[in-house]
Amino acid sequence: MASFLTVARPYAKALFAKACEQNVVANMLAVLSVCDVAVKSKAISNQLNNPEITDHTWMDLFNDVLSKTVQADFDACKKITGSFLKIIFAEQRLVILSDVYVLFDQYMQEKNKTADVKIISALALSNAQQIKLADALAKKLNKTIKVTYHEDQSILGGMIIEASDWIMDGSVKSKLKTLEQNLNE
């Protein structure tokens, strides 16, 4: 699915502001998570541009899915969700829901001073190494972090660290590629 971050940004900012105002940010994130999964499903993604499906039909479908999957969260922010989805359907912007979810999650993490960090290393890290690295990253980012570790032998050595819009590529593979480019100049 293509990315529509530029189009989604004003919608996500407005929705986040409204959710903060009504103190339902976590609830709204849960609702958006279900919307994200829904629009990525084959059954719905194949129908996104179908002109025969009315706004009312989309609204009924999403209300039904949300009330059955995240009922408590949906009930807490039903009015905001309804208003938001009406705009999305009326403006035929259903394709941006996944990007609204991603941006909304980023705004929530910024507000809560948290971050999801992905660490890719060529070799498995010991528990002591993981703890030391996580502590150093939390201090550098000045945030509470949730780290996921991945092993990828194709990077040859070193590691790659990704945290939202920040990436540090200290992999041997990257350094060899840079060296090759410099030698070819």
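Nothing in this text is a laboratory measurement; each read-out follows from the coordinates by a stated rule. Only a predicted model underlies this, so the values are computations on that prediction, with no experimental measurement involved. Positions of Cβ are generated from backbone atoms using ideal geometry, with glycine treated the same way; all protein chains shown enter the neighbour counts.
Here are the numbers:
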| read-out | value |
| --- | --- |
| Fully extended contour minus Cα-Cα distance, from Gln22 to Asp64, at 0.36 nm per residue | 12.8 nm |
| Longest to shortest principal axis, alpha-carbon extents of the chain, angstrom | 58, 38, 26 |
| Peptide ranges 30-42, 67-79, 48-60 listed from the most packed, as the mean C-beta count within 10 angstrom indicates | 30-42, 67-79, 48-60 |
| Contour minus Cα-Cα distance for Asn142 and Lys42 (0.36 nm per residue) | 32.1 nm |
| For region 1-50, average projected area of the Cα convex hull in nm² | 4.0 nm² |
| Calculated [θ] (222 nm, deg cm²/dmol) that DSSP helices of n ≥ 4 give over the chain, each run adding -39,500 (n - 2.57) | -19500 deg cm²/dmol |
| D_trans [Stokes-Einstein, Kirkwood Rh over alpha-carbon pairs] for region 31-127, 4 °C, 1.567 mPa s, µm² s⁻¹ | 85 µm²/s |
